[in-house]
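Throughout, read-outs are computed from the coordinates displayed, never taken from laboratory work. In this text, all values refer to a predicted model and were calculated from it rather than measured experimentally. Cβ coordinates were reconstructed from backbone atoms using ideal geometry, including for glycine residues, and neighbour counts include every protein chain displayed.
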Amino acid sequence: MAQAVLWQRAEGLIIFLAGLAIFWHCNETITWWGALALFFAPDVSFLSYPLGPRVGAFCYNVMHIYALGAALLAIGLTASLPLITAIGALWLAHAGFDRMLRYGLKLPESFSFTHLGQIGRQ
């Protein structure tokens, strides 16, 4: 299990760096402070946890899967929408950043149980 977690964290680092590189290459309109706010925007999903751990995990995971950032990136690139491209790249970068730091997708038991193992105090 530890080896698989290490590979997923390495993958997260690569996705993080690739997302930032795409953002810097494609961004035409977002200021640095706007980029910072968009980068951390998926973390607002943790506010759904008062509705219960199942709902919280679902909302958190929807906002942190690679597919959401990849879909926005693909839509932005194919439709020539630089803003959507930049948002998609930042979303991917955020998901990769979280995985790199071992903040994985949440399990319905509680916020501290992730697909990469338990986070926080044991």
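Using R0 = 25 Å, the C-beta based FRET efficiency linking THR78 and THR31 works out to 0.50. Available extension along the chain between ARG9 and TYR66 is 19.2 nm, counting 0.36 nm per residue and deducting the alpha carbon span. Report, in deg cm²/dmol and to the nearest 500, the calculated mean residue ellipticity at 222 nm for the chain, where each DSSP H run with n ≥ 4 adds -39500 (n - 2.57) and the sum is divided by the residue count. Computed mean residue ellipticity for the chain: -21000 deg cm²/dmol. Distances between every pair of Cα atoms in the range 1-88, grouped in 5 Å steps from 0 to the bin holding the largest one, split as 3, 13, 18, 21, 19, 15, 9, 3, 0 percent.
Volume per residue of the convex hull around the Cα atoms, evaluated for the range 3-44, comes out as 69 Å³.
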